[in-house]
1. Considering the convex hull of the alpha carbon atoms of region 1-73, report its projected area averaged over all viewing directions, in nm², one decimal.
2. Enumerate by residue number the chymotrypsin sites (Phe, Trp or Tyr not before Pro) in region 27-92 meeting two conditions: DSSP loop (anything except H, G, I, E, B), and at most 13 other Cβ atoms within 10 Å of the site's Cβ.
3. I'd like the Karplus ³J(HN,Hα) series for region 265-278: coefficients 6.51, -1.76, 1.60, θ = phi - 60°, whole numbers in Hz, and an x wherever there's a Gly or Pro.
4. Principal axes first, then extents: for the Cα atoms of region 307-449, list largest minus smallest coordinate on each axis, whole Å, largest first.
5. What order do you get for 418-428, 379-389, 305-315 when each peptide is scored by the mean count of other beta carbon atoms within 10 Å, highest first?
6. Order 91-104, 132-145 from most to least packed using the mean count of other Cβ atoms within 10 Å.
7. Across region 70-77, in residue order, what do the Karplus-derived ³J(HN,Hα) couplings come to in whole Hz, using 6.51 cos²θ - 1.76 cosθ + 1.60 with θ = phi - 60° and x for Gly and Pro?
8. Provide, as a two-decimal number, the C-alpha radius of gyration of region 81-296 over 2.2 N^0.38 Å, N being how many residues it has.
Amino acid sequence: MATLAAMLKARGHVVQGSDLGVYPPMSDFLAHEGIAAFEGYDADHITSDIDRVVVGNAISRGNPELEAVLDRKVRFTSLPEMIRDEFLWQSRSVVIAGTHGKTTTTALTAWLLTECGKDPSVLVGGISVNFDGSYRLGSGRDFVIEGDEYDSAFFDKTAKFLKYLPDIAVVGNLEYDHADIYADMEALRTAFRRFVGLVPRQGRLILGADSPEAARLAEGARCRVETFGVDLEADWRASNVQPNGDCINFDLTVRGEPRGPVAVPLWGAHNVRNALAAMAVGDAAGLSVEEMVRALTSFRGVRRRLELRGVARGISVFDDFAHHPTAILETLRAVRWSYPDWRVWAIFEPRSATSCRRIFQEDFTRAFLESGADEVILASVFRQSLPENERLSVEEIVERLHGAGRRARHIPTVAEIVTTVAAEAGEGDLVVIMSNGGFDGIHDRLLAALGGQPG
């Protein structure tokens, strides 16, 4: 919502908004863009000079501003409808979807198209370091957008990406998520099948070959389909994947033809797949492999995706948005793979609507068991209002990890976590903090306790 506000402002609209507890990096982004953001909701914010209200999907009946909009019959719309109507009808829409990696793949794709001269417009669900923001308005034909499968608004429970008019569509992977929206895996599959069904005949569908659920979506395509991954049959294939400090190297094969080495300044095998997807899109947009390989080397990442927040006493503190079990596993494996001899701390806050639920009890346990983390600290579940029989049990995860001989603790509060890590971490340790929320400012608080400053 903050990014849409900035894009509309850049087009000459006067924009304001309301929210609860806006935290960095988005609070900093709004301030930088000069967008007024009210803290809290009040019917008085809905003034007579407002032409249209964009209703976020976190807003429901009973919200005082929404009630004022309905009472006064102010024109309203959902966020994805506003994006479509303002920006996408006149563009070649490149939509990046999937359970994991959407934000990084969107930023990678946007950077390749920008660096190679296509001058795209961009909307990404995070802060791209290359663009110093989460959007870009270009003069080119392409609009690269992150395709979220979450619902659109209280009055429209269908997936956002169904509004995005995909000409080039990417589905990198597909796993069960958003248990508050989708009753089961089949309901989620249905949303993605509908998404695939929107790609026109002259379009292109790009699927993750290493994800069986994503690869199966080819059955419903009416357009050209290409695949990417480490699978031997993938059209865009990586082999000989090796970490190299803060980069990852691999050999690229395109449609069976070896195309030489590639270096990506990211960590982990999952980011190899993200880079392959971005290159497959670039190919569909007319870029050469050679220019894309050169452009990849200058990609600078996305904030909150293994972002180094600072180093103090030789201890590196990272911030990562991981909250699904698979994302947690891939993130921690990436760190362990790149730095096999360093001690890795994994600190996780179960915060999202799905990660707070018991449905992923076994998956979280397995993720931490297989991650290679030396120290695991689990904060208390954020959504304590969930019934106990539906709520994730961090105590059970800790018990299972102990039974497997792993070091793990449930430390309820941020203050206690900070005190513990500051007392026990040593030089060379890597502290990976994972949450899809602000986590009560833990990153800066930990760096301060270690005697350092944020990076």
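1. Working: hull surface 19.5 nm².
Over all viewing directions, region 1-73 projects a mean Cα-hull area of 4.9 nm².
2. On the way: sites: PHE29, PHE38, TYR41, PHE76, PHE87, TRP89; in loops: TYR41, TRP89.
Those satisfying the criteria are TRP89.
3. x, 9, 10, x, 4, 4, 7, 5, 5, 4, 5, 4, 4, 4
4. Cα extents, longest axis first: 42, 28, 23 Å.
5. Values: 418-428: 15.1, 379-389: 13.5, 305-315: 18.5.
My ranking of the peptides, most packed first, is 305-315, 418-428, 379-389.
6. Going by the mean number of other Cβ atoms within 10 Å, highest first, we get 91-104, 132-145.
7. Calculated HN-Hα couplings, in order: 5, 4, 8, 6, 6, 4, 9, 8 Hz.
8. Numbers: Rg = 16.2 Å, N = 216, 2.2 N^0.38 = 17.0 Å.
Relative to the rule-of-thumb radius for its length, region 81-296 sits at 0.96.
Read-outs throughout are calculated quantities, based only on the coordinates presented, and are distinct from any laboratory measurement. In this text, all values refer to a predicted model and were calculated from it rather than measured experimentally. Positions of Cβ are backbone-derived with ideal geometry, glycine not excepted, and every protein chain shown enters the neighbour counts.
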